[in-house]
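Okay, structure first, notes after.
The values are calculated or read from the model by the stated rules, or taken from the named source; none is laboratory data. Predicted model, so just to flag it, every value in this text is computed and none were measured. Cβ placement follows ideal geometry from the backbone for every residue including glycine, while neighbour counts extend to all protein chains displayed. All accessible areas refer to the heavy atoms of the entire protein, side chains included, with ligands and DNA or RNA removed. Shrake-Rupley method; radii C 1.70, N 1.55, O 1.52, S 1.80 Å.
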Amino acid sequence: MSKRSHHHLTELGCIACEDLTEFGAGKEGWLAPDAGTTVLCALDAHSLAIANRSVVLILGWSDSDEPRVKIRPELSPIEAERITAIEWLVFDDIKVIAIGTSRGFLLMYSLRGDLIHRQMVYHGQIIKLRVRGTKKDLMQDISSEDVCVVMPGVIARFDGSDIRSMLQRWFQETHSRFWDEKSNKDLEDDGNSDNRLPYQIWNVNKYGSCVDAAITGIMPPPLMELQSSQRYYCAVTIGDDAVISAFRLSEDRKRSLVGVILSKVMPVTFSTIASFSKMIWRSEPTPTSKPEEKLQSFARASSLTCLKDYPRKGEKLTLSPSGTLAAITDSLGRILLLDTQALVVVRIWKVSSAFIILNSWEPTAPFSGLSSIFHALFQGYRDANCFFMEMLVNRDDKRASSSYHVPGKSDYCLCLAIHAPRKGIIEVWQMRTGPRVLAIQCAKGCRLLQPTYRFGSLSDSPYVPLEVFLLNGDSGQLSVLNRFLN
């Protein structure tokens, strides 16, 4: 499909198809990113994954003839298990879809819909799957690539190299053996659940249950442990009780009292509930199931700081590529820019910035339009969605304008794209304290997306900048925000 440019957007493809009706397509605002939406999206360089409570649909947006795949994970009907998170895992020659469930299971599927891996992380709902990598620099002496699993009050970390090795073994075995009908069924039902991936898990529930969290990177050890060979991570959480909290995560598994209680009491509680459920439905045939997986004990998490500002509540968190900045949306319609190294809020977007809408209203316009302007004005940035992106801002020198010059990382400027659905606008702001460089009107049924981090891309040449895409749920059109801006 040929690309068409329209102002600051370039159309790339269309995902409209009959299979989307199962996810609500055809209804106005079915993809709108509000509190009532249960549709999940994950974008890759050429594919889009869309999920509801029980089904994942994989379709290609660059080629309309590419076959679509539906994945229906085996979920527990007794415990009303559902899909709560999805994300792509992309390596050099391997691409799979990762699924998190409301029972705490991490599932990995191939593009054909084969179950590759199934593993219990912890009892509870998986809120978010984050894939990211940090490059070795002056602040960090080693590079790191990982998958972060976010749950209420719990953070788990899977190392990217362990996932890569497991996937390579699975695909090698799949291509080297001839699967008969029985072995295919066993693979679909059980996956690679016997070969558990190693991971680390921390309890970050000190200031209440979190609604989103992220591991921002590796941090120095405490002053009294400078000679320690352990690796320490910094984690930022947001929630209802504490808008922002920060923790130092240690690889040490010496458990605190809270960790001991949670690791012992929680499994017993869930086992009791399951036994009681079986007594209620004992008239029905009980399917054979594997014994409950043994949960991993918590490693040590030390509190660094906490911000409580009632009635403000944290809602969503987005990390910059380096992990040094985090954009946090709250319940008051504001956006906080956090320096994750100094743990200081360095910028706030709030309702007052919405007065720019008044510039578009003319005194000769009917007063009916004025009411809609003031309605959007006081919505602020409620239900906002943010992504960091890189743009060529005011790069008009000879080198940048030359057709022979390929822009490098130093040519790009870090920006924050903010989608305010209640205002029907996308704003792009220059970091950290720069001006607004772009504003785009968009339909209410749109959603802002960003391709997942690709493992091994830290050494990519030429440099691939961070881009942001816009998916129009009503038309099915996928566009990319142009990164060239003079």
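Among Ser54, Ser62, which is of a type outside the set (A, V, I, L, M), open to solvent by 40 Å² or more (accessible area, probe 1.4 Å) and touching a Pro at 6+ places or on another chain (Cβ under 9 Å)? Even if it seems obvious, please write down each step before you answer.
On the way: Ser62 fails: touching a Pro at 6+ places or on another chain (Cβ under 9 Å).
Result of the check over Ser54, Ser62: Ser54.
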Worksheet item: Which pairs do you get when a residue that is under 15 Å from Pro321 (Cβ atoms) and hydroxyl-bearing (Ser, Thr, Tyr), found in segment 332-345, comes within reach of a residue that is open to solvent by 20 Å² or more (accessible area, probe 1.4 Å) and modelled with pLDDT under 95, reach meaning Cβ atoms under 6 angstrom, with the pair 6+ apart or on two chains?
Response: Thr340/Thr324
Worksheet, complete the sentence: Checked segment 428-446 for anything of a type in the set (D, E, K, R) and closer than 19 Å to Leu319 by Cβ; matches are Arg432
Discussion item. Among the listed residues Phe484, Phe469, Phe455, identify the single one that is of a type outside the set (D, E, K, R), under 16 Å from Glu390 (Cβ atoms) and modelled with pLDDT of 80 or more.
Written reply: Phe469
Worksheet item: Out of all the residues in segment 194-220, which are open to solvent by 20 Å² or more (accessible area, probe 1.4 Å), touching a Phe, Trp or Tyr at 6+ places or on another chain (Cβ under 7 Å) and at pLDDT 90 or above?
Response: Asn203
Discussion item. Of the residues Ser54, Ser47, Ser62, only one is over 18 Å from the mean Cα position of the chain (by Cα) and closer than 17 Å to Leu449 by Cα; which?
Written reply: Ser62
Worksheet item: Going through segment 298-331 one residue at a time, which ones are touching a residue at least 60 places away in the same chain (Cβ under 8 Å), in a loop (DSSP other than H, G, I, E, B) and not charged (D, E, K, R)?
Response: Phe298, Ser320, Pro321, Ser322, Gly323, Thr324
Worksheet item: Going through segment 412-459 one residue at a time, which ones are open to solvent by 30 Å² or more (accessible area, probe 1.4 Å), under 30 Å from Phe91 (Cα atoms) and more than 22 Å from the chain's Cα centre (by Cα)?
Response: Ser459
Worksheet item: Do we find a residue being modelled with pLDDT of 65 or more, open to solvent by less than 20 Å² (accessible area, probe 1.4 Å) and not hydroxyl-bearing (Ser, Thr, Tyr) anywhere in segment 175-193?
Response: no
Worksheet item: Is there a residue being at pLDDT below 95 and surrounded by fewer than 20 Cβ atoms within 10 Å (Cβ to Cβ) anywhere in segment 116-124?
Response: yes
Discussion item. Just to verify a result, which residue in segment 1-19, among those that are polar (S, T, N, Q) and under 17 Å from Ile440 (Cβ atoms), is modelled with the highest pLDDT?
Written reply: Thr10
Worksheet entry | Number of the exception - Leu31 against (1) part of a loop (DSSP other than H, G, I, E, B); (2) farther than 23 Å from Cys386 by Cα; (3) open to solvent by less than 10 Å² (accessible area, probe 1.4 Å) | (2)
Practice prompt. Show the residue pairs that are 6+ apart or on different chains and have beta-carbon atoms under 8 Å apart, the first residue being within segment 376-393 and closer than 18 Å to Leu448 by Cα and modelled with pLDDT under 85, the second being hydrophobic (A, V, I, L, M, F, W, C) and surrounded by 20 or more Cβ atoms within 10 Å (Cβ to Cβ).
Written response: Gly380/Ala354; Gly380/Ala420
Worksheet entry | Tabulated pairs, segment 8-26, first open to solvent by less than 30 Å² (accessible area, probe 1.4 Å), second of a type in the set (Ser, Thr, Tyr), C-beta under 7 angstrom, 6+ apart or interchain | Leu9/Ser479; Thr10/Ser479; Leu12/Ser62; Leu12/Ser479; Gly13/Ser62
Practice prompt. Read through the list (1) within 18 Å of the chain's Cα centre (by Cα); (2) free of Cβ contacts under 8 Å to residues at least 40 places away in the same chain, then give the number of the only condition that Arg103 fails.
Written response: (1)
